[in-house]
Amino acid sequence: MLIPHPLLGLRDAQEFTYLGDASLIHRPDGMAENAAETFFDYVYLRDNPAGVHRELWFHEQGDRSWLVVTRDTTTHEILGAELARDVALAAKGGAQ
Amino acid sequence: MTDLAPMTALGGSLARAQSFGALAIAENADLALASLAQRRGAAQPVPMGLALPGPGLWHAGNGMAAFWTGPGQWMIEAPGRAAEDFAGAVKQAAPECSVTEQTDAFVAFEIASSAGAAPILSLLAKLVNIDAAGFGPGSATRTGLEHMSVFVIRRAEDRLAVIGMRSAAGSIWHALESAAARLQGE
């Protein structure tokens, strides 16, 4: 399986380690009023789709960047990869 | 007083070197290394006049070289300066960056071919899962070699460097030696 690294091109999936659903980027505010419920959701309640899934991969034996990889869980086809940093910044409206 | 003697990463008093047909592998004990990381929002530095390369690349100049290790991060190499405070010199040249001494964390092996690019390409294909044909002179990347993390640098058509964890020096030498010896037999 090859992962199209946005900076380095096609790289062997063996160089990467897998973390999980890309929604893990969006960590809730631990100081908020409803932190207990939102953290319960964040930690335990995860969709497990058969089909297209966005997930976090770490390029451990590489440039050590985190990627958001879009993968079809039924065929293992890799549909795209972006730097997780770019995804997180875009979610925050591009603010550094 | 205890009589202390310096030794190389492989434990010898002299750097190890061995030839396998057209390929010669040598431990490079004199290579100084320092990592350089750019702070967020800062401009890309030009330490000691050395232009820092982009992703997947290696660039030499001014008696030094640099290769890209991650977004905003580079490793700076200086041949023959392992006994100096090279990281200190880099920090002086790029005071706005984070610089860390790496010389004693890594071991470098230089591989030279006396028969052009072909033996280097065959060795690359045996060692690492990167596209050897697309890994031309000036390329550098970090990848896995027998479950160890190594930097591979194509210094020239007929020159390759493998830089890995110093504590794994013996295992990296074993991997290189085995691959080169098998190529010699083919």
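So here's what we get for this one:
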item: Hits in the stretch B:134-186 (condition: surrounded by 14 or more Cβ atoms within 10 Å (Cβ to Cβ), over 16 Å from the mean Cα position of the chain (by Cα), charged (D, E, K, R) and farther than 14 Å from A:Gln61 by Cβ); result: B:Glu177
item: Residue in the stretch B:29-46 that is farthest from the chain's Cα centre (by Cα), counting only those that are in a loop (DSSP other than H, G, I, E, B) and within 14 Å of chain A (Cβ to nearest Cβ); result: B:Gly41
item: Scope the stretch A:24-36; condition more than 14 Å from the chain's Cα centre (by Cα) and surrounded by 13 or more Cβ atoms within 10 Å (Cβ to Cβ); matching residues; result: A:Pro28, A:Ala35
item: Flag if A:Gly93 is within 14 Å of chain B (Cβ to nearest Cβ) and either closer than 27 Å to B:Trp68 by Cα or not in a strand (DSSP E or B) (or both); result: no
item: B:Phe109 modelled with pLDDT of 95 or more, within 14 Å of chain A (Cβ to nearest Cβ) and within 12 Å of the chain's Cα centre (by Cα); result: no
item: Among (1) in contact with an Asp or Glu (Cβ under 8 Å, 6 or more places away or on another chain); (2) away from chain A (no Cβ under 14 Å); (3) β-branched (Val, Ile, Thr), the one test that B:Ile153 misses; result: (1)
item: Members of the stretch B:47-82 that are more than 14 Å from every other protein chain (Cβ to nearest Cβ), under 22 Å from B:Phe151 (Cα atoms) and not in a strand (DSSP E or B); result: B:Pro47, B:Leu50, B:Ala51, B:Leu52, B:Asn62, B:Gly63, B:Pro79, B:Gly80, B:Arg81, B:Ala82
item: Of residues in the stretch B:110-136 being polar (S, T, N, Q) and outside any loop (DSSP other than H, G, I, E, B), the one nearest to B:Ser19 (Cα to Cα); result: B:Ser113
item: Matching residues, the stretch B:74-98, being buried (at least 22 other Cβ atoms within 10 Å of the Cβ) and closer than 20 Å to B:Thr141 by Cα; result: B:Trp74, B:Met75, B:Ile76, B:Glu77, B:Ala78
item: Unmet criterion (only one of (1) more than 11 Å from chain B (Cβ to nearest Cβ); (2) touching a Ser or Thr at 6+ places or on another chain (Cβ under 8 Å); (3) surrounded by 14 or more Cβ atoms within 10 Å (Cβ to Cβ)) for A:Gln61; result: (1)
item: Pair list, Cβ < 6 Å and 6+ apart or interchain, from the stretch B:129-144 residues that are more than 22 Å from B:Ser171 (Cα to Cα) and more than 8 Å from chain A (Cβ to nearest Cβ) to residues that are part of a strand (DSSP E or B) and not basic (Lys, Arg); result: B:Pro137/B:Ala156; B:Gly138/B:Leu57; B:Gly138/B:Trp58
item: Qualifying positions in the stretch A:64-90 - among the charged types (D, E, K, R) and within 14 Å of another protein chain (Cβ to nearest Cβ); result: A:Arg64, A:Glu82, A:Arg85, A:Asp86
item: Where B:Ala26 falls short, out of the listed (1) under 14 Å from the mean Cα position of the chain (by Cα); (2) surrounded by fewer than 17 Cβ atoms within 10 Å (Cβ to Cβ); (3) in a loop (DSSP other than H, G, I, E, B); result: (3)
item: Flag for B:Trp68 being in contact with a Gly (Cβ under 7 Å, 6 or more places away or on another chain) and crowded, with 19+ Cβ neighbours inside 10 Å; result: yes
item: So A:Asp21, is it more than 14 Å from every other protein chain (Cβ to nearest Cβ), exposed (fewer than 11 other Cβ atoms within 10 Å of the Cβ) and of a type outside the set (Val, Ile, Thr); result: no
item: Candidate set: the stretch B:29-63, residues that are in contact with an Asp or Glu (Cβ under 9 Å, 6 or more places away or on another chain) and under 15 Å from B:Glu101 (Cβ atoms); chosen: the one surrounded by the fewest Cβ atoms within 10 Å (Cβ to Cβ); result: B:Ser35
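The values are calculated or read from the model by the stated rules, or taken from the named source; none is laboratory data. The structure presented is a predicted model; accordingly, all values stated were derived computationally and were not measured. With ideal geometry, Cβ positions are generated from the backbone for all residues, glycine too; neighbour counts draw on all protein chains shown.
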